[in-house]
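Each remark here refers to the structure printed beneath this line.
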(Lines give C-alpha, C1' and ligand atoms only; values in the text may rest on other atoms or scores of the structure.)
Protein backbone atom coordinates (compact mmCIF):
# COMPACT_ATOMS: atom_id res chain seq x y z
CA UNK A 1 0.00 0.00 0.00
CA UNK A 2 3.03 2.24 0.23
CA UNK A 3 2.80 3.31 -3.40
CA UNK A 4 -0.85 4.33 -3.01
CA UNK A 5 0.04 6.36 0.06
CA UNK A 6 2.87 8.00 -1.90
CA UNK A 7 0.38 8.90 -4.64
CA UNK A 8 -1.98 10.35 -2.05
CA UNK A 9 -4.77 7.86 -2.85
CA UNK A 10 -5.09 6.31 0.61
CA UNK A 11 -5.82 8.24 3.79
CA UNK A 12 -2.85 8.54 6.18
CA UNK A 13 -2.71 5.47 8.40
CA UNK A 14 -5.29 3.61 6.30
CA UNK A 15 -5.53 -0.12 7.00
CA UNK A 16 -7.69 -2.82 5.47
CA UNK A 17 -10.47 -3.79 7.90
CA UNK A 18 -12.82 -6.78 7.79
CA UNK A 19 -16.31 -5.53 8.66
CA UNK A 20 -18.66 -8.44 7.84
CA UNK A 21 -18.29 -12.12 7.07
CA UNK A 22 -20.38 -15.23 6.44
CA UNK A 23 -20.85 -15.18 2.67
CA UNK A 24 -19.70 -17.84 0.22
CA UNK A 25 -19.02 -15.59 -2.77
CA UNK A 26 -19.56 -11.90 -2.01
CA UNK A 27 -20.27 -9.83 -5.13
CA UNK A 28 -21.94 -6.71 -6.48
CA UNK A 29 -21.54 -4.14 -3.66
CA UNK A 30 -23.24 -0.75 -3.84
CA UNK A 31 -23.41 2.05 -1.29
CA UNK A 32 -26.95 3.06 -0.26
CA UNK A 33 -26.47 6.55 1.17
CA UNK A 34 -29.99 6.90 2.57
CA UNK A 35 -29.43 3.79 4.69
CA UNK A 36 -25.70 4.34 5.34
CA UNK A 37 -25.20 0.77 4.17
CA UNK A 38 -23.46 -1.46 1.65
CA UNK A 39 -25.75 -3.90 -0.13
CA UNK A 40 -24.15 -6.90 -1.82
CA UNK A 41 -24.83 -10.36 -3.23
CA UNK A 42 -23.96 -13.74 -1.76
CA UNK A 43 -24.51 -15.59 -5.03
CA UNK A 44 -24.29 -19.33 -4.13
CA UNK A 45 -26.52 -18.78 -1.08
CA UNK A 46 -29.04 -16.96 -3.28
CA UNK A 47 -29.41 -13.97 -0.98
CA UNK A 48 -28.60 -10.29 -0.66
CA UNK A 49 -26.75 -9.02 2.40
CA UNK A 50 -26.54 -5.52 3.83
CA UNK A 51 -23.89 -4.05 6.12
CA UNK A 52 -24.89 -1.01 8.18
CA UNK A 53 -22.26 1.60 8.94
CA UNK A 54 -24.56 2.97 11.63
CA UNK A 55 -24.82 -0.23 13.66
CA UNK A 56 -21.83 -2.17 12.35
CA UNK A 57 -24.12 -5.16 11.85
CA UNK A 58 -24.71 -7.43 8.87
CA UNK A 59 -28.26 -8.42 7.98
CA UNK A 60 -30.00 -10.46 5.29
CA UNK A 61 -31.75 -7.96 3.02
CA UNK A 62 -33.54 -10.59 0.93
CA UNK A 63 -33.51 -14.33 0.25
CA UNK A 64 -34.48 -16.45 -2.79
CA UNK A 65 -33.36 -13.56 -5.02
CA UNK A 66 -32.65 -15.57 -8.19
CA UNK A 67 -28.88 -15.31 -7.85
CA UNK A 68 -28.33 -11.56 -8.13
CA UNK A 69 -24.85 -10.35 -8.98
CA UNK A 70 -23.70 -6.79 -9.75
CA UNK A 71 -25.71 -3.68 -8.89
CA UNK A 72 -25.58 0.09 -9.13
CA UNK A 73 -27.81 3.09 -8.47
CA UNK A 74 -30.11 4.50 -11.11
CA UNK A 75 -30.31 8.27 -11.58
CA UNK A 76 -33.44 8.28 -9.37
CA UNK A 77 -31.64 6.47 -6.55
CA UNK A 78 -33.30 3.07 -7.03
CA UNK A 79 -31.10 -0.01 -7.27
CA UNK A 80 -30.46 -1.58 -10.67
CA UNK A 81 -29.14 -5.14 -10.34
CA UNK A 82 -28.27 -8.16 -12.45
CA UNK A 83 -30.09 -11.47 -11.98
CA UNK A 84 -28.44 -14.69 -13.12
CA UNK A 85 -31.58 -16.68 -12.35
CA UNK A 86 -34.01 -14.42 -14.20
CA UNK A 87 -31.44 -13.81 -16.96
CA UNK A 88 -32.36 -10.16 -16.60
CA UNK A 89 -31.50 -6.69 -15.44
CA UNK A 90 -33.97 -5.66 -12.77
CA UNK A 91 -34.90 -2.75 -10.54
CA UNK A 92 -35.24 -3.04 -6.77
CA UNK A 93 -37.34 -0.21 -5.42
CA UNK A 94 -37.86 -0.69 -1.69
CA UNK A 95 -37.97 -4.45 -2.11
CA UNK A 96 -40.31 -4.45 -5.10
CA UNK A 97 -38.63 -6.12 -8.10
CA UNK A 98 -39.33 -4.99 -11.65
CA UNK A 99 -37.76 -6.50 -14.78
CA UNK A 100 -35.98 -3.78 -16.74
CA UNK A 101 -34.73 -5.92 -19.66
CA UNK A 102 -34.42 -9.66 -20.19
CA UNK A 103 -33.85 -10.16 -23.92
CA UNK A 104 -32.37 -8.78 -27.10
CA UNK A 105 -34.23 -9.23 -30.38
CA UNK A 106 -36.50 -11.83 -28.74
CA UNK A 107 -33.48 -13.83 -27.52
CA UNK A 108 -32.91 -14.15 -23.79
CA UNK A 109 -29.74 -12.83 -22.23
CA UNK A 110 -27.24 -15.34 -20.84
CA UNK A 111 -26.88 -14.12 -17.25
CA UNK A 112 -26.33 -10.36 -16.79
CA UNK A 113 -23.37 -9.89 -14.50
CA UNK A 114 -22.49 -6.25 -13.82
CA UNK A 115 -24.16 -2.94 -14.62
CA UNK A 116 -23.60 0.82 -14.77
CA UNK A 117 -26.00 3.68 -15.42
CA UNK A 118 -24.82 6.54 -17.61
CA UNK A 119 -25.79 10.13 -16.78
CA UNK A 120 -28.41 10.09 -19.55
CA UNK A 121 -30.22 7.25 -17.76
CA UNK A 122 -29.18 4.48 -20.15
CA UNK A 123 -28.27 1.16 -18.55
CA UNK A 124 -25.12 -0.66 -19.71
CA UNK A 125 -24.45 -4.24 -18.62
CA UNK A 126 -22.27 -7.25 -19.31
CA UNK A 127 -23.69 -10.65 -20.22
CA UNK A 128 -21.32 -13.60 -19.72
CA UNK A 129 -22.74 -17.09 -19.16
CA UNK A 130 -21.80 -17.91 -15.55
CA UNK A 131 -25.44 -18.17 -14.47
CA UNK A 132 -26.34 -20.80 -17.07
CA UNK A 133 -23.02 -22.65 -17.14
CA UNK A 134 -21.71 -22.57 -13.55
CA UNK A 135 -23.48 -24.75 -10.95
CA UNK A 136 -24.74 -22.81 -7.95
CA UNK A 137 -24.87 -19.43 -9.69
CA UNK A 138 -28.18 -19.70 -11.55
CA UNK A 139 -30.08 -22.24 -13.66
CA UNK A 140 -28.79 -24.37 -16.57
CA UNK A 141 -29.56 -22.87 -19.96
CA UNK A 142 -28.41 -22.21 -23.49
CA UNK A 143 -26.62 -19.30 -25.16
CA UNK A 144 -29.59 -18.09 -27.17
CA UNK A 145 -27.66 -15.50 -29.18
CA UNK A 146 -24.49 -17.57 -29.18
CA UNK A 147 -21.97 -15.21 -27.59
CA UNK A 148 -21.21 -12.84 -24.68
CA UNK A 149 -21.84 -9.13 -25.27
CA UNK A 150 -22.05 -5.82 -23.46
CA UNK A 151 -25.49 -4.26 -23.99
CA UNK A 152 -27.01 -0.79 -23.71
CA UNK A 153 -30.66 -0.46 -22.67
CA UNK A 154 -32.44 2.85 -23.16
CA UNK A 155 -35.50 3.03 -20.87
CA UNK A 156 -36.83 5.99 -22.86
CA UNK A 157 -37.69 3.83 -25.87
CA UNK A 158 -37.11 0.32 -24.52
CA UNK A 159 -34.31 -0.42 -26.98
CA UNK A 160 -31.53 -2.92 -26.30
CA UNK A 161 -28.42 -2.90 -28.49
CA UNK A 162 -25.02 -4.61 -28.27
CA UNK A 163 -22.24 -2.06 -27.74
CA UNK A 164 -19.21 -4.33 -27.23
CA UNK A 165 -19.00 -7.70 -28.99
CA UNK A 166 -15.27 -8.48 -29.01
CA UNK A 167 -14.61 -9.38 -25.35
CA UNK A 168 -14.51 -13.11 -24.65
CA UNK A 169 -16.09 -13.01 -21.18
CA UNK A 170 -17.21 -9.45 -20.32
CA UNK A 171 -17.56 -8.92 -16.59
CA UNK A 172 -17.03 -5.64 -14.70
CA UNK A 173 -17.50 -2.30 -16.44
CA UNK A 174 -17.28 1.43 -15.68
CA UNK A 175 -17.13 4.78 -17.42
CA UNK A 176 -14.34 7.34 -17.23
CA UNK A 177 -15.26 10.53 -15.29
CA UNK A 178 -16.44 12.33 -18.44
CA UNK A 179 -18.09 9.18 -19.85
CA UNK A 180 -16.00 9.37 -23.02
CA UNK A 181 -14.45 5.96 -22.29
CA UNK A 182 -15.98 2.63 -21.32
CA UNK A 183 -13.78 0.10 -19.50
CA UNK A 184 -14.73 -3.60 -19.68
CA UNK A 185 -13.08 -6.46 -17.80
CA UNK A 186 -12.49 -9.77 -19.57
CA UNK A 187 -12.55 -12.52 -16.96
CA UNK A 188 -11.72 -15.30 -19.42
CA UNK A 189 -8.75 -17.23 -18.08
CA UNK A 190 -8.01 -18.95 -21.39
CA UNK A 191 -8.97 -18.62 -25.06
CA UNK A 192 -12.35 -19.91 -26.14
CA UNK A 193 -12.26 -23.53 -27.22
CA UNK A 194 -12.07 -24.30 -30.91
CA UNK A 195 -13.10 -21.09 -32.65
CA UNK A 196 -11.33 -18.21 -30.94
CA UNK A 197 -11.00 -15.21 -33.22
CA UNK A 198 -7.33 -14.11 -32.99
CA UNK A 199 -8.38 -10.48 -33.47
CA UNK A 200 -10.40 -10.51 -30.23
CA UNK A 201 -8.63 -9.06 -27.19
CA UNK A 202 -7.05 -11.58 -24.81
CA UNK A 203 -8.40 -12.47 -21.37
CA UNK A 204 -6.88 -11.45 -18.04
CA UNK A 205 -7.31 -7.82 -19.10
CA UNK A 206 -9.39 -4.70 -18.79
CA UNK A 207 -10.18 -3.21 -22.19
CA UNK A 208 -11.15 0.36 -23.02
CA UNK A 209 -13.39 1.78 -25.75
CA UNK A 210 -14.06 5.27 -27.03
CA UNK A 211 -17.71 6.22 -26.61
CA UNK A 212 -19.20 8.19 -29.53
CA UNK A 213 -22.55 9.99 -29.43
CA UNK A 214 -22.99 8.62 -25.93
CA UNK A 215 -23.94 5.21 -27.31
CA UNK A 216 -21.39 3.72 -29.71
CA UNK A 217 -18.19 1.98 -28.58
CA UNK A 218 -15.25 1.95 -30.97
CA UNK A 219 -11.47 1.53 -31.04
CA UNK A 220 -11.31 -1.23 -28.43
CA UNK A 221 -7.84 -1.89 -27.04
CA UNK A 222 -6.22 -3.47 -24.01
CA UNK A 223 -5.96 -1.05 -21.10
CA UNK A 224 -4.09 -3.24 -18.59
CA UNK A 225 -3.42 -6.92 -17.96
CA UNK A 226 -4.40 -8.00 -14.45
CA UNK A 227 -2.54 -10.77 -12.64
CA UNK A 228 -2.70 -12.94 -10.61
CA UNK A 229 -6.16 -14.16 -11.40
CA UNK A 230 -8.44 -12.18 -13.67
CA UNK A 231 -10.20 -8.82 -13.37
CA UNK A 232 -13.78 -9.03 -12.18
CA UNK A 233 -15.56 -5.93 -10.86
CA UNK A 234 -13.90 -2.53 -10.59
CA UNK A 235 -14.56 1.18 -10.11
CA UNK A 236 -13.14 4.39 -11.58
CA UNK A 237 -12.42 7.28 -9.23
CA UNK A 238 -12.93 11.00 -9.82
CA UNK A 239 -9.42 11.34 -11.30
CA UNK A 240 -9.90 8.48 -13.75
CA UNK A 241 -7.88 5.91 -11.80
CA UNK A 242 -9.13 2.32 -12.09
CA UNK A 243 -9.49 0.30 -8.85
CA UNK A 244 -9.82 -3.32 -9.90
CA UNK A 245 -10.24 -6.71 -8.31
CA UNK A 246 -7.68 -9.46 -8.78
CA UNK A 247 -6.91 -12.77 -7.10
CA UNK A 248 -5.03 -11.28 -4.15
CA UNK A 249 -5.33 -7.48 -4.15
CA UNK A 250 -7.15 -4.39 -5.27
CA UNK A 251 -4.89 -3.03 -8.01
CA UNK A 252 -4.94 0.64 -8.97
CA UNK A 253 -4.01 2.01 -12.40
CA UNK A 254 -3.73 5.57 -13.65
CA UNK A 255 -5.72 6.61 -16.75
CA UNK A 256 -2.52 6.02 -18.72
CA UNK A 257 -2.41 2.40 -17.53
CA UNK A 258 0.53 3.06 -15.20
CA UNK A 259 0.28 0.86 -12.07
CA UNK A 260 -0.04 3.05 -8.99
CA UNK A 261 0.00 0.36 -6.32
CA UNK A 262 -2.22 -2.20 -4.66
CA UNK A 263 -4.08 -3.10 -1.49
CA UNK A 264 -3.36 -6.73 -0.49
CA UNK A 265 -6.52 -8.65 0.46
CA UNK A 266 -6.40 -12.11 2.11
CA UNK A 267 -9.23 -13.56 -0.03
CA UNK A 268 -10.09 -13.70 -3.72
CA UNK A 269 -11.79 -10.45 -4.70
CA UNK A 270 -14.99 -10.14 -6.75
CA UNK A 271 -15.82 -6.45 -6.72
CA UNK A 272 -15.44 -3.08 -5.03
CA UNK A 273 -17.39 0.13 -4.48
CA UNK A 274 -16.84 3.52 -2.91
CA UNK A 275 -19.06 4.53 -0.01
CA UNK A 276 -19.18 6.07 3.43
CA UNK A 277 -20.65 9.45 4.33
CA UNK A 278 -17.97 11.30 2.35
CA UNK A 279 -17.70 8.68 -0.42
CA UNK A 280 -14.06 8.00 0.37
CA UNK A 281 -14.27 4.52 1.85
CA UNK A 282 -13.48 1.67 -0.54
CA UNK A 283 -15.53 -1.44 0.21
CA UNK A 284 -14.15 -4.76 -1.07
CA UNK A 285 -16.34 -7.83 -1.61
CA UNK A 286 -13.98 -10.80 -1.34
CA UNK A 287 -15.24 -14.38 -1.05
CA UNK A 288 -16.47 -14.76 2.56
CA UNK A 289 -15.87 -11.21 3.75
CA UNK A 290 -16.65 -7.54 3.18
CA UNK A 291 -13.59 -5.36 3.79
CA UNK A 292 -13.04 -1.60 3.76
CA UNK A 293 -10.20 0.89 3.64
CA UNK A 294 -10.13 4.68 3.74
CA UNK A 295 -9.08 6.53 0.60
CA UNK A 296 -8.81 10.18 -0.44
CA UNK A 297 -10.90 9.83 -3.62
CA UNK A 298 -14.55 9.35 -4.57
CA UNK A 299 -16.33 7.38 -7.26
CA UNK A 300 -16.39 9.13 -10.63
CA UNK A 301 -20.13 8.54 -11.06
CA UNK A 302 -20.97 10.00 -7.66
CA UNK A 303 -18.96 13.14 -8.44
CA UNK A 304 -20.57 13.46 -11.89
CA UNK A 305 -24.04 13.30 -10.34
CA UNK A 306 -23.14 15.58 -7.45
CA UNK A 307 -24.02 12.92 -4.88
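Let's see how each residue does on (1) in contact with a strand residue (DSSP E or B) (Cβ under 6 Å, 6 or more places away or on another chain); (2) touching a residue at least 40 places away in the same chain (Cβ under 8 Å):
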site: 8; (1), (2): no, yes
site: 20; (1), (2): yes, yes
site: 31; (1), (2): yes, yes
site: 38; (1), (2): yes, yes
site: 64; (1), (2): no, no
site: 69; (1), (2): yes, yes
task: Could you tell me whether any residue of segment 270-286 is buried (at least 22 other Cβ atoms within 10 Å of the Cβ), assigned to a loop (DSSP other than H, G, I, E, B) and in contact with a strand residue (DSSP E or B) (Cβ under 8 Å, 6 or more places away or on another chain)?
output: yes
message: Out of the residues in segment 221-235 meeting the condition of being modelled with pLDDT under 95 and either outside any loop (DSSP other than H, G, I, E, B) or more than 18 Å from residue 254 (Cα to Cα) (or both), tell me which one is nearest to the chain's Cα centre (by Cα).
response: 230
message: Being in contact with a helix residue (DSSP H, G or I) (Cβ under 8 Å, 6 or more places away or on another chain) and either under 19 Å from residue 173 (Cα atoms) or modelled with pLDDT of 95 or more (or both): is that true of residue 290 here?
response: no
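The rows are residues; the columns are (1) farther than 26 Å from residue 130 by Cα; (2) at pLDDT 95 or above; (3) assigned to a loop (DSSP other than H, G, I, E, B); (4) in contact with a helix residue (DSSP H, G or I) (Cβ under 6 Å, 6 or more places away or on another chain).
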site: 3; (1), (2), (3), (4): yes, no, no, no
site: 18; (1), (2), (3), (4): yes, yes, no, no
site: 24; (1), (2), (3), (4): no, yes, yes, yes
site: 31; (1), (2), (3), (4): no, yes, no, no
site: 48; (1), (2), (3), (4): no, yes, no, no
site: 54; (1), (2), (3), (4): yes, yes, yes, no
site: 66; (1), (2), (3), (4): no, yes, yes, no
site: 72; (1), (2), (3), (4): no, yes, no, no
site: 82; (1), (2), (3), (4): no, yes, no, no
- prompt: Looking at segment 62-74, which of its residues are surrounded by fewer than 19 Cβ atoms within 10 Å (Cβ to Cβ) and closer than 19 Å to residue 288 by Cβ?
  reply: 63
statement: Those residues of segment 123-163 which are more than 19 Å from the chain's Cα centre (by Cα), assigned to a loop (DSSP other than H, G, I, E, B) and within 27 Å of residue 75 (Cα to Cα) amount to 155, 156, 157, 158
message: Looking for something in a loop (DSSP other than H, G, I, E, B) and touching a helix residue (DSSP H, G or I) at 6+ places or on another chain (Cβ under 8 Å) - is there at least one such residue anywhere in segment 101-110?
response: yes
task: Please tell me if residue 263 is touching a residue at least 12 places away in the same chain (Cβ under 8 Å), in a strand (DSSP E or B) and surrounded by fewer than 23 Cβ atoms within 10 Å (Cβ to Cβ).
output: no
query: So, of the residues in segment 297-307 that are assigned to a loop (DSSP other than H, G, I, E, B) and surrounded by fewer than 17 Cβ atoms within 10 Å (Cβ to Cβ), which turns out to be nearest to the chain's Cα centre (by Cα)?
result: 307
task: Give the number of residues within segment 36-52 that are within 17 Å of residue 299 (Cβ to Cβ) and surrounded by fewer than 19 Cβ atoms within 10 Å (Cβ to Cβ).
output: 1
query: Residues in segment 244-253: is at least one closer than 16 Å to residue 116 by Cβ, surrounded by 22 or more Cβ atoms within 10 Å (Cβ to Cβ), modelled with pLDDT of 95 or more and out of contact with any helix residue (DSSP H, G or I) (no Cβ under 6 Å at 6 or more places or on another chain)?
result: yes
- prompt: From the residues in segment 94-136 that are over 29 Å from residue 216 (Cβ atoms) and at pLDDT 95 or above, which one is surrounded by the fewest Cβ atoms within 10 Å (Cβ to Cβ)?
  reply: 96
field: Residues of segment 75-87 classified as surrounded by fewer than 22 Cβ atoms within 10 Å (Cβ to Cβ) and closer than 20 Å to residue 142 by Cβ, total
entry: 1
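The values are calculated or read from the model by the stated rules, or taken from the named source; none is laboratory data. Because the structure is a prediction, the values reported are computed rather than measured. So basically every Cβ, Gly included, is an ideal-geometry build from the backbone, and we count neighbours across all protein chains shown.
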